[in-house]
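The values are calculated or read from the model by the stated rules, or taken from the named source; none is laboratory data. Since the model is a prediction, treat every value here as computed from it, not as a measurement. Cβ placement follows ideal geometry from the backbone for every residue including glycine, while neighbour counts extend to all protein chains displayed.
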Amino acid sequence: MIGPQATGTDPTAPERGRVHLFARLPIRVRLTLVFALAMAVVLAAVGVFLYAGLGSALDETIDANLRTRADDVTALLLQSESGLRESGGNRLAETGESVAQVLSSSGAVVDSTSLLGQEPLLTPSELSQATTGPIMLEQSSVPGVEGAARLLAAPVFAQDQDLVVVVGASLAGRTDALSTLLSQLAVGGPLALIAACLLAYALASAAFRPVESMRRQAEAISAIEPGRRLPVPAARDEVGKLGATLNEMLARLESALSKERAFIADASHELRTPLALLKAELDLALSRERTTEEMAATLRSASEETDRLVQLAEDLLVLARADQGRLPVNRTRVDATEILESTRERFYRRAFDMGVALEVEAPPRLQLMGDRVRLEQALRNMVENALRYGGGPVVLRAVRQEDQVELHVLDQGPGFDKDFLPRAFERFSRADESRPNGGAGLGLSIVGIIAAAHSGSAHAANRDGGGADVWLAVPGQVGPDNLGLPQA
């Protein structure tokens, strides 16, 4: 058996090819073609309606004339007292009827117009029907009538006998009128369709002119010309809404591009500083013989700069994964005291060298649900922020707040500028005025991203006694271990 699959052919391929070809046409051409098809259907329907309407009106007129003629012949029959055929001529011919005939019930011609002669117009079956009631019929040819003719046969009782009156009219006028109308429709219809298509194309072109203007403007917009926008028509129609939406998109793209440029500049600066210091330390250590204490100090300094590079790389990785919507979070039961102590140990040497005390305050057995690695990363950023901009002592505190656990980092520095607090966790935001020597503005934004990944939240505030309080709230572990603990 050989089928489409066996032969490797697809029977729907030609149809798909036509659809694909139509889709490749310009929109204004597609609109014009669709309008032309719809207009052709409308014109055809109107033409059929006019043709049928005129034919029906002509038929009604012919039928009315036939009934009037039949009434006249009937009246003539009823008025005759001495017979239908009188000496001196044909009484029907005197009426001016071109086609008229009177038949007896047996089919004999009693009287007729001169051109018909003695040949009856009705067949025996038609005569039989006419004796019971009026009938309408058409004949292709009738003597004395041009072309086809319509006949009306009606029974009448006159001169003490049953008779049938037959009158007829030519259909040549009806045929000529319909032919003329058909010729006019055949010529006028395509002309009207062409005119409508041209008008439709002009209207489509005018409608898409604002879109074309926006396209040219969009083609000219580049990153080196910030602030340029697309022209928006005054009318609040679909095109105007499209232009407004595109302008809003351009504004968002400019904002994102500006932030990305700032990020690249700040990240480059942040990377350059620890790398330069690291290289200087190593070059200094290699410049001459060093004592063990001097070498240890150099290595500690190099280790600190390496930690800064590692933390910056981790922050950049979190941002990249968060933008892709796939920041991995492995939730497990985590002891709050353990992650605070782990963070304290990481910064102990640096805080000691700075003369800043690191303290941990957490109730026993306080647990939460989260990713330990991510939570420690957020805490490191918070402690880094406190050590860089705040003052000691720095307190790492954990408290239970209803069904959440809050991890706080508190310092006694100058605190945050009030204008900076609403955007403290925004990416690339820095409190330049209140805190000099700012970094890339990523530390607190990473805290906010990690908190959101845990279905929690991040907060920052100034303490009443001076200093800053930064914390994140994540879901706590509900169970016997957390019952009976004091709340904040």
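Structure values in brief
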| read-out | value |
| --- | --- |
| Complete set of residues in the stretch 116-136 that are under 22 Å from residue 71 (Cα atoms) and charged (D, E, K, R) | 126 |
| Flag if residue 165 is at pLDDT 85 or above, in the same structural domain as residue 117 (by TED's automatic domain parsing) and β-branched (Val, Ile, Thr) | yes |
| Selected residue (criterion: modelled with the lowest pLDDT) from residues of the stretch 308-332 that are charged (D, E, K, R) and within 14 Å of residue 376 (Cα to Cα) | 315 |
| Selected residue (only one of 174, 209, 150 is in contact with a Lys or Arg (Cβ under 9 Å, 6 or more places away or on another chain) and assigned to a helix (DSSP H, G or I)) | 174 |
| Test for residue 184: is it out of contact with any His (no Cβ under 8 Å at 6 or more places or on another chain), at pLDDT below 90 and either buried (at least 19 other Cβ atoms within 10 Å of the Cβ) or over 20 Å from residue 79 (Cα atoms) (or both) | no |
| Tally, over the stretch 330-381, of residues that are touching a His at 6+ places or on another chain (Cβ under 9 Å) and loosely packed, with under 15 Cβ neighbours inside 10 Å | 1 |
